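Structure first, commentary second.
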Amino acid sequence: MVFEIRELLEGYDKEKLSIATICSHSSLQIFNGARKEGFRTIGIAKEENVKFYDAFPLGKPDEFMIVDDYKDIPKLAEELREKNAIIIPHGSFVEYLGAKKFLDLKVPIFGNRKVLLWESDRELERKWLEGAGLDMPKQIGDPKDIDRPVIVKYHGAKGGKGFFIAKTYEEFEKLVDWSKPFTIQEFVMGTRYYLHYFYSPIREDGYKLSKGSLQLLSMDRRDETTIDELQRIGSISELEEIGIHPTFVVTGNIPIVIRESLLPEVFRMGERIVEKSIELFGGVIGPFCLETVVTEDLKFKVFEISARIVAGTNPYISGSPYSDLIQPDLSTGRRIAQEIKYAQKHDLLEEILS
Ligand code: AMP
């Protein structure tokens, strides 16, 4: 990053901000939330995707900017700035654009860009999460040391693609693709909860932190093919015997709530993550998600963090059982728009944009 947010905002008419993102992932929710807060919206799309948005008049952007390839988004930077645009990065935004182009994009981005470096490098991610006192699944350095069920994750693989389970070194050896870098993690047995938080460095209401406050907006469970429905035709071991192995490709999201007695720990974990992020890189601003497994002794193991809006918030466009207790009809997309509106009103945009 070779610029300061102050410079980027210099030419902006702060009374006429617009909200822009790539038309994919959680964009319907982002546009819908921005619309509810009175913002103009811009969808960056490929021509063939535009028609689809007509199906959802309340989720479509006011305006489309068409690209042949998302990698060309930097060419739109000047036009986006002329439109006083703030980009809302979602999971696919960084994936489509590429990390380097994302970091260098000369348009104000909601949240702290630096967080990307911490979440995309597995070692830095572990330093952050364990440094915050969270319990992560054990990592196994040498495959020969596999002494329990493990999940093997290829670096940079999106949506669980190519991941596999092994219970012994022999199984691992049969399935591994040595040409790709991978990590071996203990497979944590329990139930999965994907916790969706929102950290505001500029609001002091609600659950207070050393600076700002933290909200829990929703939670979901991912639906992953084929692992989540394999039991319909037999046990995993039966299938593995005939060479069929489960996969972990995300296909959708299922709404869920957690035992109320676990909520204090949910907040404690979110709090520690934010406090550590402030210390390490100036803070994870806005939405973030902890991907967790709750074990039978009711302990959380955290296997991943996503430091932006995740698709697991999509079931809650009109609010969740948690956000309903903050304000009715509050999606994560709408909460982002509210944060921008509040910052705009109190001249705090530099605190939440980068
Ligand atoms: P990830 O890309 O790390 O989110 O992993 C993709 C999916 O694999 C998750 O949504 C989980 O279903 C599963 N998974 C990942 N890590 C673990 C783990 N350590 N133990 C159990 N399941 C896991």
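The values are calculated or read from the model by the stated rules, or taken from the named source; none is laboratory data. Nothing here was measured: the structure is a model prediction, and the numbers come from that model. We place every Cβ from the backbone using ideal geometry, glycine too, and count neighbours over all the protein chains shown. To get the accessible areas, we keep the full protein, side chains included, count just its heavy atoms, and leave off ligands, DNA and RNA. Shrake-Rupley method; radii C 1.70, N 1.55, O 1.52, S 1.80 Å.
Worth pointing out:
- Exactly one residue out of 326, 336 is modelled with pLDDT of 95 or more and under 19 Å from the mean Cα position of the chain (by Cα): that is 336.
- Scanning region 206-215 for residues that are of a type in the set (S, T, N, Q) and open to solvent by 20 Å² or more (accessible area, probe 1.4 Å) gives 210, 215.
- Residue 291 passes every criterion in (1) surrounded by 15 or more Cβ atoms within 10 Å (Cβ to Cβ); (2) in contact with a Pro (Cβ under 9 Å, 6 or more places away or on another chain) apart from (2).
- Here residue 97 does not fit the description of being of a type in the set (A, V, I, L, M), assigned by TED's automatic domain parsing to the domain that holds residue 8, closer than 26 Å to residue 354 by Cα and surrounded by fewer than 18 Cβ atoms within 10 Å (Cβ to Cβ).
- Residues in region 235-275 that are touching a Leu at 6+ places or on another chain (Cβ under 9 Å) and open to solvent by less than 40 Å² (accessible area, probe 1.4 Å): 239, 246, 258, 262, 263, 266, 269, 270, 273, 274.
- For the residues 153, 161, the requirement of being in contact (Cβ under 8 Å) with a residue 24 or more places away in the chain, surrounded by fewer than 15 Cβ atoms within 10 Å (Cβ to Cβ), within 14 Å of the ligand (Cβ to nearest atom) and among the basic types (Lys, Arg) singles out 161.
- Listed by first and then second residue, the pairs linking a residue in region 222-235 that is under 21 Å from residue 313 (Cβ atoms) to a residue that is within 11 Å of the ligand (Cβ to nearest atom) and part of a loop (DSSP other than H, G, I, E, B), with Cβ atoms under 8 Å apart and 6 or more places separating them unless they lie on different chains, are 224/160; 224/247; 225/247.
- Filter result for residue 203 (part of a loop (DSSP other than H, G, I, E, B), open to solvent by 20 Å² or more (accessible area, probe 1.4 Å) and basic (Lys, Arg)): yes
- Pair list, Cβ < 7 Å and 6+ apart or interchain, from region 35-54 residues that are farther than 24 Å from residue 78 by Cβ to residues that are of a type outside the set (A, V, I, L, M) and in a strand (DSSP E or B): 35/41; 53/43
- One residue stands out among those in region 130-150 that are within 12 Å of the ligand (Cβ to nearest atom) and of a type in the set (A, V, I, L, M, F, W, C): the one that is farthest from the chain's Cα centre (by Cα), which is 140.
- Within region 174-200, restricting attention to residues that are touching a residue at least 40 places away in the same chain (Cβ under 8 Å) and among the β-branched types (Val, Ile, Thr), the residue that is most open to solvent (accessible area, probe 1.4 Å) is 191.
- Options 120, 92: the member that is in contact (Cβ under 8 Å) with a residue 12 or more places away in the chain, open to solvent by 70 Å² or more (accessible area, probe 1.4 Å) and within 16 Å of the ligand (Cβ to nearest atom): 120
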